[in-house]
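Quick notes on the structure that follows.
The values are calculated or read from the model by the stated rules, or taken from the named source; none is laboratory data. Since the structure is predicted, the reported quantities are computational estimates derived from the model, not experimental observations. Cβ placement follows ideal geometry from the backbone for every residue including glycine, while neighbour counts extend to all protein chains displayed. Each accessible area value is taken on the protein alone, full model and side chains, heavy atoms only, with ligands, DNA and RNA left out. Shrake-Rupley method; radii C 1.70, N 1.55, O 1.52, S 1.80 Å.
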Amino acid sequence: MNLLIVEDDQSVARLLRQAAAEAGYSVQYTADGSEALARCRRLSFDLILLDVMLPGMNGLQVCRALRDENIQVPVLIITARDTLEEKVDGLDAGADDYIVKPFQIAELLARMRAILRRSTTQNTALQVHDLHLDPSTRQAVRGEKSIHLSATEFVLLEYLMRNAGRVLTRDMILQHVWQYDFNGNDNVLDVYMSYLRSKIDKGFAMPLIKTVRGVGYRLEGPDAR
């Protein structure tokens with residue numbers, strides 16, 4: 001697995017490089033956001049560990065640029081910022097997960113493995129009613145409408161579609177999509193469900209995303225029993 005570490009704190013960078021190398025990753029390193037983006041344009045990585053507070057081009061800008069250029073390498077943001085709003089900003093920029101300094105190496109490596117497992121999920125195209133999702137390109141279409149999804153919206157929609165007709169509890173969705181609980185505050189799930197509904201259901205006579213009050217959510221077409 002090819003790993004790119006982008007971190008300007010030299011002591012943290014050394015720790016990350018040593019831990020990743022000992023875990024069997026092939027590691028490249030830079031302390032510069034612009035250089036990280038340039039490397040991703042010409043090289044293929046399986047995962048990026050990306051600090052937010054970088055000189056010049058910061059980590060969120062790097063992440064947005066990657067997604068704008070359709071570079072879908074998984075990104076794990078590493079930062080000292082730990083408020084809900086800052087976590088949402090990171091995920092909204094296209095990151096796949098978020099870990100706050102200081103962290104335990106065991107947790108970091110577990111999150112890395114989880115992201116890599118998600119990124120290698122089978123690429124079979126999915127369909128529910130007139131909604132289509134191609135995991136290999138991360139393209140969603142409903143009817144004749146092409147839908148742009150952030151990285152987090154994609155993972156959320158894919159999980160709903162792979163479990164179409166099944167009620168998914170809030171805890172199930174949080175564990176699958178985010179893998180942590182925002183210190184017990186799960187409002188982020190409602191925020192992203194609102195985002196997804198505005199893209200998937202708005203303007204269509206038949207809403208596909210259903211709220212199961214007090215439990216969670218279900219995605220289903222009009223022919224569901």
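Residues of region 193-218 that are open to solvent by 50 Å² or more (accessible area, probe 1.4 Å), more than 14 Å from Val141 (Cα to Cα) and hydroxyl-bearing (Ser, Thr, Tyr): Ser194, Tyr195, Thr211.
Taken over region 76-99, the criterion of being in a helix (DSSP H, G or I) and either over 18 Å from Asp8 (Cβ atoms) or open to solvent by 10 Å² or more (accessible area, probe 1.4 Å) (or both) is satisfied by Leu84, Glu85, Glu86, Lys87, Val88, Asp89, Leu91, Asp92. Summed over region 61-75, the residues that are surrounded by fewer than 16 Cβ atoms within 10 Å (Cβ to Cβ) and part of a loop (DSSP other than H, G, I, E, B) give a count of 2. Just to be sure, is Val141 open to solvent by 10 Å² or more (accessible area, probe 1.4 Å) and either in a strand (DSSP E or B) or over 26 Å from Val212 (Cα atoms) (or both)? Criteria met by Val141.
Within region 1-54, the set of residues being closer than 15 Å to Ile99 by Cβ and open to solvent by 60 Å² or more (accessible area, probe 1.4 Å) comprises Asp9, Leu15, Met53.
Looking at Leu156, Leu133, just one residue is over 11 Å from the mean Cα position of the chain (by Cα) and not in a loop (DSSP other than H, G, I, E, B), and that residue is Leu133. When region 5-31 is filtered for residues that are under 22 Å from the mean Cα position of the chain (by Cα) and part of a loop (DSSP other than H, G, I, E, B), the ones remaining, listed by number, are Glu7, Tyr25.
Report whether or not Val62 is touching a strand residue (DSSP E or B) at 6+ places or on another chain (Cβ under 6 Å), under 20 Å from Asp8 (Cβ atoms) and among the aliphatic types (A, V, I, L, M). The answer is no for Val62. Scanning region 42-52 for residues that are modelled with pLDDT of 90 or more and over 20 Å from Leu116 (Cα atoms) yields one hit, Val52. From the list Ala110, Ala151, the lone residue that is within 30 Å of Ala13 (Cβ to Cβ) and either of a type in the set (Lys, Arg) or open to solvent by less than 20 Å² (accessible area, probe 1.4 Å) (or both) is Ala151. Here Gly221 fulfils each of the conditions (1) in a loop (DSSP other than H, G, I, E, B); (2) open to solvent by 30 Å² or more (accessible area, probe 1.4 Å); (3) in contact with a strand residue (DSSP E or B) (Cβ under 8 Å, 6 or more places away or on another chain); (4) at pLDDT below 90 apart from (2). Search region 30-44 for residues that are basic (Lys, Arg) and pair each with any residue that is open to solvent by less than 60 Å² (accessible area, probe 1.4 Å) when their beta-carbon atoms are under 7 Å apart and the residues are at least 6 apart or on different chains. Correct list of pairs: Arg39/Leu4; Arg39/Thr30.
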